[in-house]
Amino acid sequence: MVEKSTTTNVEMVAHTLEEGAIKFEFEITNEEGLLISGLENASAEMAVLTEKGIARRRPDY
């Protein structure tokens with residue numbers, strides 16, 4: 001495992017969509033395919049396809 005990289009690759013391992021929640025498991029590797037350890041923060045955004053187009057989550061949605 002490594003703690004720093006110049007290139008970060010993200011691979012989705014598994015995911016589930018439930019009412020009001022999304023759960024996912026992922027792994028991150030460096031440019032050589034080695035796992036990166038010590039991840040402190042991660043964020044994800046979700047969008048939904050509506051009749052008006054793609055909408056990102058909003059507090060009133």
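The values are calculated or read from the model by the stated rules, or taken from the named source; none is laboratory data. Here the structure is a predicted model, which means the values were calculated and not measured. Quick note on the areas: whole protein, heavy atoms, side chains included, nothing else; ligands and nucleic acids left out. Shrake-Rupley method; radii C 1.70, N 1.55, O 1.52, S 1.80 Å.
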Please specify each residue of segment 14-48 satisfying the condition of being among the hydrophobic types (A, V, I, L, M, F, W, C) and open to solvent by less than 80 Å² (accessible area, probe 1.4 Å). A14, A21, I22, F26, I28, L34, L35, I36, A42, A44, A47, V48
Could you check segment 23-45 and list, in sequence order, the residues that are more than 9 Å from the chain's Cα centre (by Cα) and outside any loop (DSSP other than H, G, I, E, B)? K23, E27, I28, T29, L35, I36
